[in-house]
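No lab work stands behind these numbers, since they all come straight from the coordinates. In this text, all values refer to a predicted model and were calculated from it rather than measured experimentally. Note: ideal-geometry Cβ built from the backbone for every residue, glycine included; neighbour counts use all protein chains shown.
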Amino acid sequence: MSTKSILEVKNLHAGFGSTEVVKGVSLSAQYHTVTAIIGPSGCGKSTFIRCLNRLHEETSGAFANGQVWLENTDIYAKNVDPVSIRRKVGMVFQKPNAFPSMSIFDNVVAGLRLAGVKRHSILKEIVEQSLISAALWHEVKDKLNAPGTSLSGGQQQRLCIARALAVEPTVLLMDEPTSALDPISTAKIEELMTELRKKVTIIIVTHNMQQAARISDQTAFFLSGDLIEFGETSQVFTAPKMDQTERYITGRFG
Amino acid sequence: MSNFRLRKRARREIHLGDLVFSYFLRALSFGLALLLAVIGFFLFRGAFASISRYGWSFVTESVWDPVQEVFGSAPVLYGTLVSSLIAVSIAAPLSVAIALFLNEVVPPKIGKTIGFLVEMLAAIPSVVYGLWGIFVLAPWLRTRIEPILAQDLGWIPIFSGPYYGVGMLAAGLILSIMIIPTVFSISREIFKTIPTAQREAALALGATRWEMMKISILGSSKSGIGGAIILGLGRALGETMAVTMVIGNRAEISASLLAPAQTMASVIANEYAEATSDIHLSALIEIGFLLFVVTFIINAFARLFILRETKS
């Protein structure tokens, strides 16, 4: 990888208590690319991605060490406030998790309000932009005051994407964002990702290998906490270098 | 008997057992509902003489004189209401804060241990709280707190007049401690039903821990907390022994919280054994009837609130 990376992970170890789940992973991602992380259940891919915005450490008993460079900051350096990192690294979760007590509008601006933005005119503009970016605007523009949880599952997931985008993150983490959705909603979100990469660097964990092949520029294959193979998506899927990768993508194990 | 018939008989016996058990449970649950209605009915019947003689003046008049057979329960209604409100306004924020702290801030193990201890407050007998109130709380109020309140804040009506240690303030304080376990444990149960995904949603947006609690926890459990508080209020309204021991038992309406007062429950506890005339007894039963109705309604409301929250 010769071009400058936005995200560079060096020798990251993470786990819970005495169990190591991520065993010394190093990888990097360039600006405006989509990186897919694939691997069987329990291989540490979710834990890995949760280390990238320091959310992993919020679970009791969790540990993480190593270096994660976000542009010019090592987010695991001692003087770094995880709260400020999470404002630069957005996250979309496996299941839509809109705030049930908030309207669609309030959900989208939740992050901005936390950052101290109060002017209604600004908030209104960002709500529109974010919902357009998340391909949800036309479906909800007439009911911004309805509760966020009144939307369908697929719409709620796009609402969560809009909420993450509203604070203009530089990196967007997606932890199996379509695994709880039907095929049509999945297709919409995949389509959306190819648009979003123009603005933001995406790291996506997915169980669905066709999805990884369709949307990502590079793919990382994890197995039992180790990074087995990392490279251009076309190369990983058509000519994997490692035997384990080939066995996994051809469905022979995992 | 053949094997086949044996099995058939066994099956029939199992069915019979199920049937008997189901009827037994049905009878029990209907019986309990019936018991509630019967208690209400007997209270009403016992209070009937007083209800027909005094009518509405029973709750509007403020003279309570068993010797002259004048019964106005306004002072005890007032005493019950005010002491309970003091208790709730202290216990509610405290209990919710403890529940938040133990559920969201400290490690689960410590949270569980301390939570258990807080809940054990409910296991202390009411009369023990009363003794503590008489020997510790009331003297402490009389010598340390109330002189300061009377001197510096005496111009506010609620802190005016002479002070004795025992009185409305002492009753409110002791009640507040007694209802903390109720409000705390229900609030914590509600917080526990909030999925981790909600907390992570806020954290991932760059919320601090306190902001996360405001958005994800408090934001979505308002009506449940409301229910927990009302349930605590229900407990405070009916609490008898400890209150009777520290409230001073004077059936007068006074604006000052330092003055002695009396509650519905404490007037019954104090006078029931000595009530000689039928009308005095009936008046006391009417107070019991009123207390029964009010706490029943309040508890029903609280359960509805909580049910709505934990369902969604």
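Helical runs (DSSP H, four residues minimum) scored at -39500 (n - 2.57) apiece and divided by the length of chain A put the mean residue ellipticity at 222 nm at -10000 deg cm²/dmol. Each Cα pair under 8 Å and six or more residues apart adds its separation to the average, and for chain B the resulting relative contact order is 26 percent.
Note on A:Lys10 and A:Thr238: with the Förster distance fixed at 35 Å, the Cβ-Cβ geometry gives a FRET efficiency of about 0.80. Here is the list for the range A:29-104: GluC sites (Glu not before Pro) lying in DSSP coil, each with at most 16 other C-beta atoms within 10 angstrom of its C-beta, are A:Glu71.
Starting from a Cα-only point model with no solvent, please compute log10 I(q)/I(0) by Debye for the protein assembly as shown at q = 0.05, 0.07 1/Å. Once normalised to I(0) and log-transformed, intensities are -0.36, -0.63. Extending 7 Å from the Cα toward the beta-carbon at both B:Ala49 and B:Phe296 defines two label points whose distance is 2.3 nm. Among B:Ala33, B:Ala201, B:Ala302, which one shows the highest mean-square fluctuation when chain B is modelled as a Gaussian network with alpha-carbon springs under 10 Å? Taking springs between Cα atoms under 10 Å, the residue moving most is B:Ala33. Largest GNM mean-square fluctuation among A:Ala180, A:Ala239, A:Ala166, using chain A with Cα springs under 10 Å: A:Ala239. Each of B:Lys192 and A:Thr250 was given a label point 7 Å from its Cα along the Cα-to-Cβ line. The distance between the two points is 5.1 nm. For the range A:5-249, the spherically averaged projection of the C-alpha convex hull amounts to 13.1 nm². Going from the residue with the fewest nearby Cβ atoms within 10 Å to the one with the most, A:Val83, B:Val96 rank A:Val83, B:Val96. FRET efficiency for the B:Arg250 to B:Leu218 pair, using the beta carbon distance and R₀ = 51 Å, is estimated at 0.80. Residues of the range B:41-76 with the amide nitrogen closer than 17 Å to a label point 7 Å from the Cα of B:Thr276, along Cα-to-Cβ, please. Once the point is set 7 Å along Cα→Cβ of B:Thr276, B:65-70 turn out to lie under 17 Å by backbone N, inside the range B:41-76.
Would you order A:Thr250, B:Thr182, B:Thr240 from fewest to most other beta-carbon atoms within 10 Å of each residue's own beta-carbon?
If I rank by nearby Cβ atoms, fewest first, I get A:Thr250, B:Thr240, B:Thr182.
Structure note, pairs A:Lys4/A:Lys199; A:Lys88/A:Lys198; A:Lys23/A:Lys78: Cα-Cα distances above 24 angstrom do not occur. In summary, the helical segments of chain B meeting the span-like criteria, namely a full DSSP H run, a Cα extent along the axis of 24 angstrom or more and a mean Kyte-Doolittle hydropathy of at least -0.5, are B:3-54, B:74-100, B:168-192, B:222-238, B:278-311. Between A:Glu195 and A:Asn65, full extension at 0.36 nm per residue minus the direct alpha carbon distance yields a gain of 43.5 nm.
Here the range A:13-122 is treated as an ellipsoid with the same Cα gyration tensor; its semi-axes, largest first and in whole Å, are 28, 17, 15.
The magnitude of the dipole of the protein assembly as shown, with charges of +1 and -1 set on the Cβ of Lys/Arg and Asp/Glu and taken from the Cα centre, is near 1420 debye.
DSSP finds beta bridges in the range A:5-249, and of those with both partners inside it, around 60 percent are antiparallel. Projecting label points 7 angstrom from Cα along Cα→Cβ for B:Phe30 and B:Ser126 puts them 3.3 nm apart. Basic side chains Lys and Arg get +1 at the Cβ, acidic Asp and Glu get -1 at the Cβ, and with that the dipole of the range A:5-249 about its Cα centre reaches some 620 debye. DSSP bridge analysis restricted to the protein assembly as shown gives an antiparallel fraction near 60%, rounded to the nearest 5. Taking B:Val166, B:Val76, B:Val293 in turn, the Gaussian network model of chain B (Cα-Cα springs below 10 Å) assigns the largest fluctuation to B:Val293. Here's the picture: charge each Lys and Arg Cβ at +1 and each Asp and Glu Cβ at -1 in the protein assembly as shown, and of A:Ile75, A:Leu123, B:Gly46 the one pushed furthest to the positive end of that dipole is A:Ile75. Ordered by the number of other Cβ atoms lying within 10 Å of each residue's own Cβ, fewest first, A:His13, B:His15 fall into the sequence B:His15, A:His13. Shown for chain A are no DSSP H helices, since none reaches 30 Å along its axis, judged by Cα atoms, with a mean Kyte-Doolittle hydropathy of at least 0.0. Qualifying chymotrypsin sites (Phe, Trp or Tyr not before Pro) in the range B:118-224, where qualification requires a DSSP coil assignment and no more than 10 other C-beta atoms within 10 Å, comprise B:Trp155. The mean sequence separation of alpha-carbon pairs under 8 Å and at least six residues apart, normalised by the residue count of chain A, gives a relative contact order of 27 percent. Computed over chain B, the per-residue total of -39500 (n - 2.57) for DSSP H runs of n ≥ 4 gives a 222 nm mean residue ellipticity of -22500 deg cm²/dmol, rounded to 500.
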